[in-house]
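Undergrad: My structure is below; once you've seen it, I'll send some questions.
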């Protein structure tokens, strides 16, 4: 239970960082192109995790030095399996992240920020639907939470009549991409080192972005230097910290609940806009935030089966 709560808290922090990073990304786009922004921030995110990986590996070597030969052989087999999962997971996550984040940045050029935020956050609906095809069971209460969160996002982000244009379509594909990204992480994160998985996915995304920024965009180092703060925040906090917290947290949290909590990104983006950009929030947007928080709170209600299982455990503990 403590691990589950810890995982959910990590996801809330992730949503908070992503929400504030939206302001940084908007600021960065005023100076440089989408591929340049994605490429540099992902490489910075990957580099920022290297010290953590070195420290963790050093601690593992200390533990191995105090183990016997049989345990060392078992650990070697486990490490080989983890390495395979790390390579497959890192490549898969990196490619999907590159496609999704690039589509998101390009889509924001052609559509409003409100529509982009709403359409991207549709992963809260897409994830459980895709999960059905993967034979994942969805608690009934989560379907109500999904409807509430979607309604809240609509009130929060959509200010005009909803229509589909070029930018909206790109963001919609991006939402499917991020949904697949969540499910891939859910599959690989329990099988390998979370920090290394996060580091590798950003390295892959950064490498894939580089040829695109050279071919399709004009690289101006003066502009890159002028937006150093948004790039560093998007790289270190949004990539290095937030996505790593997501990968670790998903070891203990089901994908549908993960998508619901991460959808708070839109709420935090509005709050960040008010504090940093001095934007105003309407009564409609405030109501949308309240509905979304309600959906997240309802998602925490355990199922009857889980309550019964806990009761049985307590009875067995008392009997022994």
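Every number in this text was worked out from the coordinates using simple rules, so none of it is lab data. Here the structure is a predicted model, which is why all the values come from computation and not from measurement. Counting neighbours? That spans all protein chains shown, and the Cβs are built from the backbone with ideal geometry, glycine included.
Undergrad: What is the range 113-252's relative contact order, in percent, from Cα pairs under 8 angstrom and six or more apart in sequence? Don't skip to the end; give the middle numbers.
TA: Values: 73 pairs, mean separation 45.6, N = 140.
Relative contact order comes out at 33 percent.
Undergrad: Got a sec? How would 97, 169 order by Cβ neighbour count within 10 Å, fewest to most? Write out the running numbers ahead of the final one.
TA: On the way: 97 25, 169 15.
Least crowded to most crowded, the residues run 169, 97.
Undergrad: Moving on. Evaluate the distance, in nm, between pseudo-label points positioned 7 Å from the Cα of residue 281 and of residue 129 along their respective Cα→Cβ axes.
TA: Output for this residue pair reads 2.9 nm.
Undergrad: Please work out the C-alpha center-to-center distance from the range 1-43 to the range 197-231 and express it in whole Å.
TA: 15
Undergrad: Per residue Cα convex hull volume for the range 146-228, in cubic angstrom? Intermediate results must be reported in sequence, preceding the final value.
TA: Details: hull volume 15.5 nm³, N = 83.
Each residue corresponds to 187 Å³ of Cα convex hull volume.
Undergrad: For an R0 of 41 angstrom, estimate the FRET efficiency from the Cβ-Cβ distance between residue 297 and residue 91 and round to the nearest 0.05. Before the final figure, lay out the partial values.
TA: Details: r = 37 Å, r/R0 = 0.90.
Step by step, r from the Cβ atoms, then E = 0.65.
Undergrad: If you take the Cα atoms of the range 215-282, find Rg, then find the Kirkwood Rh from the mean of 1/r over all pairs, what is Rg/Rh?
TA: For the range 215-282, the value is 1.10.
Undergrad: Determine, from the Cβ-Cβ distance of residue 154 and residue 60 and an R0 of 56 Å, the FRET efficiency 1/(1 + (r/R0)^6), rounded to the nearest 0.05. Intermediate values should be presented prior to the final figure.
TA: Values: r = 47 Å, r/R0 = 0.84.
The pair residue 154/residue 60 has a calculated efficiency of 0.75.
Undergrad: Quick one: 292, 210, 108, fewest Cβ neighbours within 10 Å first, how do they rank?
TA: By the 10 Å Cβ count, ascending: 210, 108, 292.
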